[in-house]
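Some notes on the structure that comes next.
The values are calculated or read from the model by the stated rules, or taken from the named source; none is laboratory data. Worth saying up front: this structure is predicted, and the values here are computed from it rather than measured. Here the Cβ positions follow ideal geometry from the backbone for every residue, glycine too, while neighbour counts run over all protein chains shown. Ligands, DNA and RNA are excluded from the accessible area calculation, which covers all protein heavy atoms including side chains. Shrake-Rupley method; radii C 1.70, N 1.55, O 1.52, S 1.80 Å.
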Amino acid sequence: MIKVTTPATTANLGPGFDSIGMALSVTNTLCAEESDSLSIEVRMPQVPPIPTDEDNLIYKTIKGFYDELGFSFPGVHMIQEDNIPLTRGLGSSAACVVSGLLAANALSGAGLSKEDLLQMAARLEGHPDNAAPAMLGGIVVGAMRGQRLYCSRLDAPGLDRLNFALLIPDFPLPTEKARNVLPSSYSREDAVFNASRAALLVAALAQGEHDLLECAFEDRFHQPYRSALIPNMAEIFSECKRAGALATFLSGAGPTLISVTKDLRFCPSLPSGWKLQFVAPSAEGAVCENITL
Ligand code: HSE
């Protein structure tokens, strides 16, 4: 049997819409073996429930891998333990795709390289900002050119001096709905605003210049539009600033927000239904190992 451990990720780091993501210290695990039928055990029940039939995303990814490579697919027995909350902007779908690809690669004996699997994951996701850090760990800056991903894992010295506080609401926000509210074009002023801050963010993280983060995390590409889908978002941003956050940003397509702080005593007052959870960046991406149960 093989076991794959895959981290949660936060995409759209600040102004890095569809391009900059970071792995987090919350993980899903998948145990899988080939079998002559399909059986899926879910160890951590989620809301909404994870499908245990052919609609299961990990299953679809594994089956798709076998089909794409021309292998005959026997069926699979899977045990899923999901700690990443679903539809909260923390990369749960990317984690399924990445763990499915690593599992299928090991089970089929295809032996593709991590680079090949990364390219497949980015293609399946359509944007690389969850898939790449889920696969590689750390902070990854990525650009799609057609179907090909060009990416670089950022060395960010002193990142352990920062704390990341997840502010997670009790309602979901499907990515598709959150993409539908985005405009199809932006003014030159907004394009310059985001390009300058994305460049500043990468430079500030690379140099450990954390005093620049307040400006570097600003965004005009997605947060202003998605705030209409997240009740109290503007008030929570102000409250987090008051409580001492260096910066607050929308994680992926939302609805989770993340505050970057220097102090673990960070304790903003949140509306009911929101909870706060500190996490750390994860230097480690998805890992696949052989196990005996
Ligand atoms: N970059 C993506 C978005 C992340 O903002 O829609 C969610 O998959």
Can you tell me which of Ala204, Ala23, Ala110 moves the most in a GNM of the chain? Springs connect C-alpha atoms under 10 Å apart. Ala110
Once the Cα gyration tensor of the chain is found, what semi-axes does its equivalent ellipsoid get, as square roots of 5 times the eigenvalues, in whole Å, sorted largest first? 33, 20, 18
Residue list for the range 178-203, given a label point 7 angstrom along the Cα-to-Cβ vector of Tyr225 and an amide N cut-off under 12 Å: 178-187
Out of the total accessible area of the range 84-203 (probe 1.4 Å, heavy atoms of protein only), what percent is carbon and sulfur? 52 percent
Of Lys3/Lys63; Lys114/Lys275; Lys241/Lys275; Lys60/Lys114; Lys3/Lys60; Lys3/Lys177, which ones are farther than 25 Å apart at the Cα? Lys114/Lys275; Lys3/Lys177
Can you give the calculated 222 nm mean residue ellipticity of the chain, where each DSSP H run of n ≥ 4 adds -39,500 (n - 2.57) and the sum is split over every residue, rounded to the nearest 500 deg cm²/dmol? -9500 deg cm²/dmol
Among beta bridges that DSSP assigns inside the chain, antiparallel share in %, nearest 5: 90 percent
Pop the C-beta distance of Val181 and Val42 into the FRET formula with R0 = 30 Å and round what comes out to the nearest 0.05. 0.45
What is the pair-distance distribution P(r) of the range 159-279, computed from all Cα-Cα distances in 10 Å bins starting at 0, with each bin given as a whole percent? 13, 42, 36, 9, 0
Helix 57-69 sits off the longest principal axis of the Cα atoms of the chain, rounded to the nearest 10 on a 0 to 90 degree scale, by 60 degrees
Filter the GluC sites (Glu not before Pro) in the range 1-98 to those in DSSP coil with at most 12 other Cβ atoms within 10 Å of their Cβ, and list the result. Glu54
Residue by residue through the range 90-99, what is 3J(HN,Hα) from phi via Karplus (6.51 cos²θ - 1.76 cosθ + 1.60, θ = phi - 60°)? Round to whole Hz and write x for glycine and proline. 10, x, 5, 5, 4, 5, 5, 5, 5, 5
Contour minus Cα-Cα span, Asp55 to Glu34, at 0.36 nm per residue, comes to 5.8 nm
Stretchable slack from Val287 to Asn83, in nm (0.36 nm times residue separation minus alpha-carbon distance): 71.8 nm
Expressed per residue, the solvent accessible area of the chain in Å² (1.4 Å probe) is about 45 Å²
